[in-house]
Amino acid sequence: MRHTARETSTQTLTRLITALDKAQPVSITYVKADGTTTVRTIELYDITISAAGDIVLKAMDRETGEARSWRLDRIVAYTTHRTAYVIERPVTDEPKQRTTTGLATVTVLYPVDCPATARVQLLADALAA
């Protein structure tokens, strides 16, 4: 188990991007908005940045089978598994209509052979823009 307090957010993000690339689930210890802590096993499918500048992990929650979002700064510990994804992500041709106020995302396109550390830098550059 890795504790995020013992590493930089860049190191954490690099390891999570690697798990995403390898399609490996991640168990996270997460602090909710109300201050309670929960442990979830997730299957990452996207990483975005909110309008407020928070890095947001989008993943399938193994407990509920639903697509959920988690802020990187609220993850206090994580473990990357060596198993494969088991939940199918819903495929839709059209994005769902949501009413999100004050939330925006940044799309960052990576070359196919781009290593995880370079992706973190590209993500940081997009955030700064």
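Quick notes on this structure:
- Among the conditions (1) in a loop (DSSP other than H, G, I, E, B); (2) within 11 Å of the chain's Cα centre (by Cα), the only one that G53 does not satisfy is (2).
- For the residues Q24, Q121, Q97, the requirement of being assigned to a loop (DSSP other than H, G, I, E, B), at pLDDT 75 or above and of a type in the set (S, T, N, Q) singles out Q24.
- Residue check, Y78 surrounded by fewer than 16 Cβ atoms within 10 Å (Cβ to Cβ) and in contact with a helix residue (DSSP H, G or I) (Cβ under 8 Å, 6 or more places away or on another chain): no
- Looking across T12, T37, T41, T48, one residue alone is crowded, with 17+ Cβ neighbours inside 10 Å and modelled with pLDDT of 95 or more. It is T41.
The values are calculated or read from the model by the stated rules, or taken from the named source; none is laboratory data. Quick caveat: nothing in here was measured; it's all calculated off a predicted structure. So basically every Cβ, Gly included, is an ideal-geometry build from the backbone, and we count neighbours across all protein chains shown.
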